[in-house]
Amino acid sequence: MNCDRICFASAAPLGHSLCEVTEFIRLKKESPIQRRQLAPAKALTGEERRRINPNNGLVKLFERNMDVLVSRFLYPHLSAIWNPYTWLIRRRFALAETTVSPTGWPRELPPLRVLLLSDIHCGIFLKPDTLAHIVHSLMKLAPELVVVSGDIVTGHSREVQPFLHALAPLAGARLGAWFCFGNHDYFGGDPDEIRKSLNAIGITTLMNESIRIAHGSSTFVLGGIDDLILGKPDWPRLMSQFGAPHILLAHNPDHFYEAEARGVHLTLSGHTHGGQIRLPKGPPIIRQSRFCLDEGIYIFHSSLLVVSRGLGSIVLPWRWGADPEAVMIEIVAAQ
Ligand SMILES: [Fe+2]
């Protein structure tokens, strides 16, 4: 891709109403989507640990219940008077890009362009039209495979409904669009409602399962593990049909060491929001990964992990130092 920026809208459709033309002019005036390169993979020692494990224990219990209370009962009342996230995302959303060569990637496979979206958090902080413009712009880059690594809602399963038309173009990717559950997808108590809603627009949920996908003259295996905190990860089931997947969707990056031990060479995650609020050039104020896997690319032994900051926001309709993003990953076989 030669151009270094993508516009939200590129052409005004003919014959539209005054309202639509006004909306088009407004969008044209907005900043184009920024693009940036991800830094090279950070090597892990396997010793990175926090004293507090954010995935369980009293701290997680408190945080989880606060999150549910705020997401389900406070947000809906706040949104009418305070929602700056639409303003922020239209100005600060960026496409992060990288090229990786995972060990074990079949040499006969042609390069594969994967669009990673995570933590969309449909709900009161995000507007369907905003998401629709972002998805439209990203799909113009023609990713061959789209993956959504969990937390598609904030506090209710039904929150995805008004966003289905915005998400539907993702299923137009040549090799399909695939989803795995995150912790927020369980907050409403009925994640299967999300699975059915996404299925209706052509996005398939992988919950402890894998699928073999044909690409060029060969195939690769894509798998999705259930959420680490509120789901029921089942590794034997995930690997029962095709063995270790070439690409694993795992909402929580803290699945990484288990994935590496089981022979997975590329894991795609989200969950951390990159900290969502960070001190300038400093660590996240609230850290969601026990192993400090905050954002970007990591390598342990020969296994790679990509952690996206994600697109949405929770608790506060704001980000600082960890702007919203999608990640375009070009996978090429090692020479
Ligand atoms: Fe999230």
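Amide H to amide H, which residues 5 or more places from Arg309 or on other chains are under 5 Å from it, using H placed in the peptide plane?
Placed amide hydrogens put Gly296 under 5 Å from Arg309.
Sum up the charges of everything whose Cβ sits under 11 Å from the Cβ of Val146, counting Lys and Arg as +1 and Asp and Glu as -1, but leave Val146 out.
So the environment of Val146 carries a net charge of +1.
Once label points are set 7 Å from the Cα along Cα→Cβ at both His301 and Ala200, what is their separation, rounded to one decimal in nm?
Rounded to a tenth, the inter-label distance reads 4.4 nm.
With the contact rule set at Cα under 8 Å and sequence spacing of 6 or more, what percent relative contact order holds for segment 35-331?
Relative contact order of segment 35-331: 25 percent.
How compact is the chain by the rule of thumb for globular proteins, expressed as Cα Rg over 2.2 N^0.38 Å?
0.95
Using amide H atoms built in the peptide plane, which far-off residues or other-chain residues are under 5 Å from Trp320 H to H?
Correct list: Ile277, Arg278.
Length gain on complete extension for the stretch Gln37 to Arg158, per 0.36 nm per residue less the alpha carbon to alpha carbon distance?
Taking Gln37 through Arg158 to full extension adds about 40.1 nm, to one decimal.
Ordered by packing density, taken as the mean number of other Cβ atoms within 10 Å over each peptide's residues, highest first, how do 93-104, 184-195 rank?
In decreasing order of mean packing, 93-104, 184-195 become 184-195, 93-104.
With the convex hull built on the Cα atoms of segment 78-154, state its orientation-averaged projected area in nm².
6.3 nm²
What does the net charge come to around Ala333 if you take all other residues with beta carbon closer than 10 Å to its beta carbon, with K and R at +1 and D and E at -1?
0
I need the phi-derived Karplus couplings for segment 167-182: 6.51 cos²θ - 1.76 cosθ + 1.60, θ = phi - 60°, integer Hz, Gly and Pro marked x.
Going residue by residue, I get 7, 3, x, 4, 6, x, 4, 4, 9, x, 10, 9, 9, 10, 6, x Hz, with x marking Gly and Pro.
Can you list residues from other chains, or at least 5 along the same chain, whose modelled amide H is less than 5 Å from the amide H of Thr99?
So Thr99 has HN proximity to Glu330.
Calculate for the chain the 222 nm mean residue ellipticity that helices alone would give, adding -39,500 (n - 2.57) per DSSP H run of length 4 or more and normalising by residue count, nearest 500 deg cm²/dmol.
The helix-only estimate for the chain comes to -6000 deg cm²/dmol at 222 nm.
If you take the square roots of the eigenvalues of the alpha-carbon gyration tensor of segment 53-181 and sort them as a ≥ b ≥ c, do you get rounded (a/c under 1.5), prolate (a/b over b/c) or oblate?
Since a/c reaches 1.5 but b/c is at least a/b, the shape of segment 53-181 is classed as oblate.
Step through the residues of segment 299-314 one at a time and calculate ³J(HN,Hα) from phi using the Karplus curve (6.51 cos²θ - 1.76 cosθ + 1.60, θ = phi - 60°), rounding each to whole Hz and writing x for Gly and Pro.
9, 9, 6, 10, 9, 9, 10, 10, 10, 8, 5, x, 9, x, 9, 10
Using a cut-off of 12 Å between beta-carbons, work out the net charge of the residues near Arg278 (Lys and Arg +1, Asp and Glu -1, Arg278 not included).
+1
Quick one: 3J(HN,Hα) in Hz for segment 323-335, Karplus 6.51/-1.76/1.60 with θ = phi - 60°, rounded, Gly and Pro as x.
So the Karplus estimates, Gly and Pro as x, are 4, x, 8, 10, 10, 9, 10, 9, 9, 10, 5, 5, 7 Hz.
Any read-out appearing in this document is the output of simple, stated calculations on the displayed coordinates, not a laboratory observation. What you are looking at is a predicted structure, and each value in this text was computed from that prediction instead of being measured. Note that each Cβ is placed from the backbone with ideal geometry, even for glycine, and that neighbours are counted across all protein chains shown.
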